[in-house]
Structures are given as structure tokens and as C-alpha cells.
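Enquirer: Let me begin by handing over the structure; questions about it come next.
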Amino acid sequence: MPASTSATVARVTDVADLRLVDLPGGQVRLSDRRSERDWLIEVAPFAIADSPVTVALYDSVHDSMSKDGRLPLVDVTWWDAVRFCNALSVRHTLSPAYVIDEPGERITWNPTRNGYRIPTEAEWEYACRAGTRGPRYGDLDDIAWYRENSGEQIRQVRGKAPNPWGLHDTLGLVWEWCWDVYDPQVYGTYRVLRGGGWFDEHWSCRASVRRRSHPTLRLDDVGFRLARSGTASE
């Protein structure tokens, strides 16, 4: 894994409540407790948001305002997430990363395009760990909102200490949709969720924990985080 000092913050102008962090390439080892397997993945350089998508950012595309825009967006399906990525890309003259066949609910990701997207599972864990090797990048109460300190209610983004690469709330607050299918042979189209949420016990808030959900489900502790291929300045 690269040293934590190699990540650089790239502020994206003209976008409400969004900061992207450019990350260098490297490797990450994923694991799955159910199947008792692990696998090593090469991660290319990419950019990722320093917090989950907020209500304010979502509203910026729909030209509306909410009472508390710094809350993370929840009750959002996987399909909602990828559609939002395309809509935000168009609004900011980027090439949409996804080609979506709405009637057939089929989707293709073009990794050569510079538009917003959701991270792959490998990118997510690589970004969450930020060069660290333990289950967490700090003391859980300092870095995450979870059941024991959230008051059993959702909290604003960036309220806890970031990881060494400046990313907030990768653990706790909300589970985050990833691009990947969880296990197509067993669970069909179910997609990967990562990170743990505001109502979860401490054991769910670890960098390696994997969860799954159907891409059409809406849950009050599930949101997503934006990413872009390459760097935010490209």
C-alpha cells in the first residue's frame, strides 16, 4: 500500500458540498468471511469524495433545498445512485460513466470516461484503509458514528476525524453502495455495501466487512460516495 502522504485533496469548484481526493494506485487484499476466501486486487489511480453524498449535493442537481443539507443522503437504491452519478456528470460537462438501458434495467460502465461514479469494492476498501493495516484507521468513537455514540439517529457528514487520506465517514454513519455484484452465483444481482452505519454495532464498522442488498431496496442507513476514474483535475 502507498504511504498516506501521497494522497492530495482536489477541491471541485461549482459543486455543492463535494470535495474529491486524488489517490495513487496500489494494491488491496479483499476477504469474505462467508466463503473464507481472500483475493488481491490492483487499484489504478482514482479520485473519491471525502464524505458520502449529502442531501445538499443531491438537491443541487434537482434545483431544490432541504432543511439540513449536511445529512448524508439515504433511502437511495443502487439504481438511484448510478443515475445520480450520470446526472451530476452531465450538469458539470463530464462524460457520464454509465450507459443505462432503463427498460431492461441493464447498465454498462465505461472506465475511460471522466464522469462521476460509485467506487468499486476494491477502491472503497483501499480508500478506507488509507495505508493502514488494522480493522480500523483509528479509535472507533473518534472516527465513526455507530450505535453506541450516535444516539440511534443519523448524523451530519464530516462530524468525526478523517482517515490518513482525509476521508470522513468511511466507517459508520451510512453503508455505502459499491459497483460490484456481491456473489452472482448465490445472490444474483445483489450489490456490495461497505462501511457500517449509524445503527450498527462496533463489529460491523471495520474496513473488511462486506454486506449485500438488492439494488432496488431503499434503507434508512444506506447511501453512497462519489468517485471518478483518473484524477479530479482531469
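The values are calculated or read from the model by the stated rules, or taken from the named source; none is laboratory data. Please read these numbers as outputs of a predicted model, since none were measured by experiment. For neighbour counting, all protein chains shown are included, and Cβ atoms are generated from backbone atoms with ideal geometry for every residue, glycine included. Note: accessible area is taken over every heavy atom of the protein model, side chains too, but ligands, DNA and RNA are not part of it. Shrake-Rupley method; radii C 1.70, N 1.55, O 1.52, S 1.80 Å.
Enquirer: What residue, of G138, G115, is open to solvent by 10 Å² or more (accessible area, probe 1.4 Å) and not β-branched (V, I, T)?
Expert: Numbers: G115 fails: open to solvent by 10 Å² or more (accessible area, probe 1.4 Å).
Just a single option satisfies the conditions, and that option is G138.
Enquirer: Please identify the pairs in which a residue from the range 115-137 that is touching a residue at least 12 places away in the same chain (Cβ under 8 Å) has its Cβ atom under 6 Å from the Cβ atom of a residue that is in a loop (DSSP other than H, G, I, E, B) and among the polar types (S, T, N, Q), counting only partners at least 6 apart or on another chain.
Expert: G115/S95; C128/T170; A130/N163; Y137/N163
Enquirer: Say we look at the range 11-44 and pick out the residues that are in a loop (DSSP other than H, G, I, E, B) and open to solvent by 60 Å² or more (accessible area, probe 1.4 Å); which of these is modelled with the highest pLDDT? Reasoning before the result, please.
Expert: Of all residues in the range 11-44, those in a loop (DSSP other than H, G, I, E, B) come to 12-18, 24-25, 33-36, 44.
The next check asks that each one be open to solvent by 60 Å² or more (accessible area, probe 1.4 Å); those that pass are 13-14, 33-34, 36, 44.
On the way: T13: 46, D14: 47, R33: 77, R34: 76, E36: 77, A44: 95.
Per the criteria, the residue is A44.
Enquirer: Scan the range 176-197 for residues that are touching an Asp or Glu at 6+ places or on another chain (Cβ under 6 Å) and either part of a loop (DSSP other than H, G, I, E, B) or open to solvent by less than 10 Å² (accessible area, probe 1.4 Å) (or both) and jot them down. Write out each step before concluding.
Expert: Just the residues of the range 176-197 that are touching an Asp or Glu at 6+ places or on another chain (Cβ under 6 Å), to begin with: 178, 180, 192, 194-195, 197.
Listed by number, the residues that qualify are C178, V192, R194, G195, G197.
Enquirer: Name the pairs: first residue in the range 16-39 and acidic (D, E), second residue assigned to a strand (DSSP E or B) and open to solvent by 10 Å² or more (accessible area, probe 1.4 Å), Cβ to Cβ under 7 Å, at least 6 apart or on different chains?
Expert: Qualifying pairs under 7 Å: D22/T8; D22/A10; D32/R210; D38/R29; D38/S31.
Enquirer: Looking at (1) assigned to a loop (DSSP other than H, G, I, E, B); (2) surrounded by 18 or more Cβ atoms within 10 Å (Cβ to Cβ), which is the one condition that is false for T231?
Expert: Unmet condition: (2).
Enquirer: Here's something else I'd like to know. Every residue in the range 209-228 that is open to solvent by 30 Å² or more (accessible area, probe 1.4 Å) and either of a type in the set (G, A, S) or touching a helix residue (DSSP H, G or I) at 6+ places or on another chain (Cβ under 9 Å) (or both), please. I'd like the intermediate steps shown before the answer.
Expert: Pass one, the range 209-228, residues open to solvent by 30 Å² or more (accessible area, probe 1.4 Å): 210-212, 214, 216-220.
Result: R210, R211, R212, H214, T216, L217, R218.
Enquirer: State yes or no: is G172 touching a residue at least 12 places away in the same chain (Cβ under 8 Å), open to solvent by less than 20 Å² (accessible area, probe 1.4 Å), part of a loop (DSSP other than H, G, I, E, B) and in contact with an Asp or Glu (Cβ under 8 Å, 6 or more places away or on another chain)? Show your work before the answer.
Expert: Details: touching a residue at least 12 places away in the same chain (Cβ under 8 Å): yes; open to solvent by less than 20 Å² (accessible area, probe 1.4 Å): yes; part of a loop (DSSP other than H, G, I, E, B): yes; in contact with an Asp or Glu (Cβ under 8 Å, 6 or more places away or on another chain): yes.
Spelling it out, G172 is indeed touching a residue at least 12 places away in the same chain (Cβ under 8 Å), open to solvent by less than 20 Å² (accessible area, probe 1.4 Å), part of a loop (DSSP other than H, G, I, E, B) and in contact with an Asp or Glu (Cβ under 8 Å, 6 or more places away or on another chain).
Enquirer: Evaluate the following for S51: is it in a loop (DSSP other than H, G, I, E, B), modelled with pLDDT of 90 or more, over 18 Å from R211 (Cβ atoms) and open to solvent by less than 30 Å² (accessible area, probe 1.4 Å)?
Expert: So S51 fits the description; yes.
Enquirer: Being surrounded by fewer than 17 Cβ atoms within 10 Å (Cβ to Cβ), of a type outside the set (K, R) and part of a loop (DSSP other than H, G, I, E, B) is the filter here; which residues of the range 54-86 pass it?
Expert: D63, S64, M65, S66, D68, D75
Enquirer: Separate question: Report yes if V192 is in contact with a helix residue (DSSP H, G or I) (Cβ under 6 Å, 6 or more places away or on another chain) and touching a residue at least 60 places away in the same chain (Cβ under 8 Å), otherwise no. Full working, then the answer.
Expert: Numbers: in contact with a helix residue (DSSP H, G or I) (Cβ under 6 Å, 6 or more places away or on another chain): yes; touching a residue at least 60 places away in the same chain (Cβ under 8 Å): yes.
Yes; evaluated as a whole, the condition is true for this residue.
Enquirer: Moving on. Taking the condition within 24 Å of V28 (Cα to Cα), of a type in the set (D, E, K, R) and in contact with a Cys (Cβ under 8 Å, 6 or more places away or on another chain), does R225 pass?
Expert: On the way: within 24 Å of V28 (Cα to Cα): yes; of a type in the set (D, E, K, R): yes; in contact with a Cys (Cβ under 8 Å, 6 or more places away or on another chain): no.
Considered against the rule, which asks whether it is within 24 Å of V28 (Cα to Cα), of a type in the set (D, E, K, R) and in contact with a Cys (Cβ under 8 Å, 6 or more places away or on another chain), R225 comes out as no.
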